[in-house]
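Input: a single structure, listed below in structure tokens.
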Amino acid sequence: MPTTRPRVNLTLTEMEQRFLEAIVTEGTTDYEIYVDYLRRAGLSVDAAQPTLADVVHVLLELGLQRLHEEAADISYAAEAAAETDADRAVRAALRRRHAASAARAEDG
């Protein structure tokens, strides 16, 4: 059955190969960390030992998540740096109005 997912060939360094082999070897600390991550993420932990491809998929997902978080941090920082005194004054006024409205709602 043909796959609709693109295939990628990887050439691993010796260190990467050893790292991945440690993750797929049951009983190693790396394996236990990998399985624990899958459980905490709510992902299926099959009875079968993970393959190198399984581990690469998880590591790629983790890397993509981290890159997304870093991009969001950079975006938020750029937005904050571009904020003017007028923007801060408007935000402060809105905050005061919201607080006053909430206080009235509690009293009412």
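The values are calculated or read from the model by the stated rules, or taken from the named source; none is laboratory data. These numbers come from a predicted model, not from an experiment. Neighbour counts run over all protein chains shown; Cβ positions are idealised from the backbone, glycine included.
Brief remarks follow.
- Scanning the stretch 1-23 for residues that are over 22 Å from the mean Cα position of the chain (by Cα) and in a helix (DSSP H, G or I) yields 14, 15, 17, 18, 21, 22.
- Failed criterion for residue 52 (all others in (1) under 30 Å from residue 18 (Cβ atoms); (2) out of contact with any helix residue (DSSP H, G or I) (no Cβ under 7 Å at 6 or more places or on another chain) hold): (2)
- The condition of being farther than 30 Å from residue 91 by Cβ, modelled with pLDDT under 90 and basic (Lys, Arg) holds for only one of 39, 18, that being 39.
- Residue identified as over 21 Å from the mean Cα position of the chain (by Cα), assigned to a helix (DSSP H, G or I) and either loosely packed, with under 10 Cβ neighbours inside 10 Å or at negative phi (or both) among 53, 48, 71, 86: 86
- Meets criteria (polar (S, T, N, Q) and modelled with pLDDT under 90) for residue 51: yes
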